[in-house]
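Enquirer: The following block contains the structure, expressed as structure tokens.
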Amino acid sequence: MRFLLASFFVLLFSPQLPAQHYLTVGVGYTTVFFLSDDLDQLRDTYNYVNRDNMNRLLVGFQSADGVRVESGYRYLEKWSAAFTLGYERYSTFDAASYNNGEGRQLDLMIDHFLLDTEFGVHRNNYFFDGLLRLSFLRNLELKSQYTGNTEDIERYFTGTFTSDAHFSLGFGISLGAHKEPFMLIGKMLYPVYTLEANKDLLARDATGNRRFPTDFINFHNALPYDALSNGDLDGLQIILSFVVALAI
């Protein structure tokens, strides 16, 4: 991170570059802030059911952090335009503990491929673009593990839950500074449409397809409940990328 910030100040005071076509290759850091009522409901209902026996409550999945790799094309003149193909993987975890020393751990991993299309304005060494994102082949894995007692009284809640890949569209903005052969790019975007967002998280094993609940009270009392879906685990995303730009 210090290297990226130092690079930014170098770019900030560098002279203007002529218009150019670039091939780009880069790496970046990405953070997603989940905005999901279903995740909040899961946290609240799990803590409600188990609160009398817990010394640490679930805090919920608030955000996830990860990395990205990317390559693409960018044109800079009066206008700025770019196409970027990339891959992102990010993860997070949550944990609760009980008074007897046992606990519950939830590990979440998401990865997907992406295609970013940008168009905007270019002035001096800076560009400001609108951003359209297509995410595809998005996979999600949620591991729920009970630690301590091998005779887990919540066996049905334990396992590796996954969902089918889906596609989504997002809109946002892209800000960048450049000096050959480097670019520093920040992006912020939010998903606005998801295809197949109702794909439930399932643990597929000898007991059948077990759905991961959003309402732990109903789940605990063997009542009908809604399952957490792939589309529920999305939100505002912020990306910072350091890119090598090769003029062509």
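Enquirer: For segment 93-109, does any single residue satisfy the condition of being in contact (Cβ under 8 Å) with a residue 40 or more places away in the chain and of a type in the set (S, T, Y)?
Expert: Checked against the condition, which is being in contact (Cβ under 8 Å) with a residue 40 or more places away in the chain and of a type in the set (S, T, Y), segment 93-109 yields at least one hit.
Enquirer: Under 7 Å between Cβ atoms, which residue pairs at least 6 apart in sequence (or on different chains) link something in segment 205-222 that is on the phi < 0 side of the Ramachandran plot with a partner that is open to solvent by 80 Å² or more (accessible area, probe 1.4 Å)?
Expert: R210/Y156; T214/D226; D215/D226; I217/Y48; N218/P224
Enquirer: Shifting gears a bit: Those residues that are out of contact with any Lys or Arg (no Cβ under 6 Å at 6 or more places or on another chain), of a type outside the set (D, E, K, R) and under 15 Å from T84 (Cα atoms), I need them from segment 173-187; list them, please.
Expert: Residues satisfying the conditions are I173, L175, G176, M183, L184, I185, G186.
Enquirer: Next up: More than 18 Å from Q145 (Cβ to Cβ), within 26 Å of the chain's Cα centre (by Cα) and crowded, with 17+ Cβ neighbours inside 10 Å, is that true of Y46?
Expert: No, not satisfied.
Enquirer: Write out, first by first residue and then by second, each pair whose Cβ atoms fall under 7 Å of each other, whose residues are 6+ apart or on separate chains, and whose first residue, in segment 177-198, is of a type in the set (K, R) while the second is open to solvent by less than 40 Å² (accessible area, probe 1.4 Å) and at pLDDT below 85.
Expert: Listed by first residue and then by second, the contacts come to K179/L11; K179/S14; K179/L17.
Enquirer: List, please: which pairs have Cβ atoms under 6 Å, are six or more places apart or on different chains, and start with a residue in segment 27-42 that is within 11 Å of F61 (Cα to Cα) and end with one that is in a helix (DSSP H, G or I)?
Expert: Going by the 6 Å Cβ cut-off, the qualifying pairs are S36/D232; D38/D232.
Enquirer: I would also like to ask the following. Could you say which residue among P181, P191, P213 is in contact with an Asp or Glu (Cβ under 9 Å, 6 or more places away or on another chain) and closer than 30 Å to E77 by Cα? Write out each step before concluding.
Expert: Working: P181 fails: in contact with an Asp or Glu (Cβ under 9 Å, 6 or more places away or on another chain); P213 fails: closer than 30 Å to E77 by Cα.
Going through P181, P191, P213 in turn, just one is in contact with an Asp or Glu (Cβ under 9 Å, 6 or more places away or on another chain) and closer than 30 Å to E77 by Cα: P191.
Enquirer: Among S97, S80, S91, S71, which is the only one that is in a strand (DSSP E or B), of a type in the set (S, T, N, Q) and open to solvent by less than 10 Å² (accessible area, probe 1.4 Å)?
Expert: Being in a strand (DSSP E or B), of a type in the set (S, T, N, Q) and open to solvent by less than 10 Å² (accessible area, probe 1.4 Å) holds for just one of S97, S80, S91, S71, which is S80.
Enquirer: Additional query: If you check R51 against the conditions, is it modelled with pLDDT under 95, under 15 Å from L106 (Cβ atoms) and open to solvent by 60 Å² or more (accessible area, probe 1.4 Å)?
Expert: On the way: modelled with pLDDT under 95: yes; under 15 Å from L106 (Cβ atoms): no; open to solvent by 60 Å² or more (accessible area, probe 1.4 Å): yes.
In short, no.
Enquirer: Given the residues S229, S241, which is the only one that is surrounded by 17 or more Cβ atoms within 10 Å (Cβ to Cβ), more than 14 Å from the chain's Cα centre (by Cα), more than 27 Å from V49 (Cα to Cα) and of a type in the set (S, T, Y)?
Expert: Being surrounded by 17 or more Cβ atoms within 10 Å (Cβ to Cβ), more than 14 Å from the chain's Cα centre (by Cα), more than 27 Å from V49 (Cα to Cα) and of a type in the set (S, T, Y) holds for just one of S229, S241, which is S241.
Enquirer: Restricting the search to segment 82-110, which residues are more than 20 Å from the chain's Cα centre (by Cα) and either closer than 15 Å to G186 by Cα or of a type outside the set (G, A, S) (or both)?
Expert: A82, F83, Y98, N99, N100, E102, R104
Enquirer: Within segment 109-140, work out how many residues are polar (S, T, N, Q), at pLDDT 95 or above and open to solvent by less than 10 Å² (accessible area, probe 1.4 Å).
Expert: The qualifying residues number 0.
The values are calculated or read from the model by the stated rules, or taken from the named source; none is laboratory data. As the structure is a computational prediction, the values presented were derived from the model and not from experiment. As a convention, Cβ positions derive from the backbone with ideal geometry for all residues, glycine included, and neighbour counts pool all protein chains shown. What goes into the accessible areas is simple: the full protein's heavy atoms, side chains included, and nothing from ligands, DNA or RNA. Shrake-Rupley method; radii C 1.70, N 1.55, O 1.52, S 1.80 Å.
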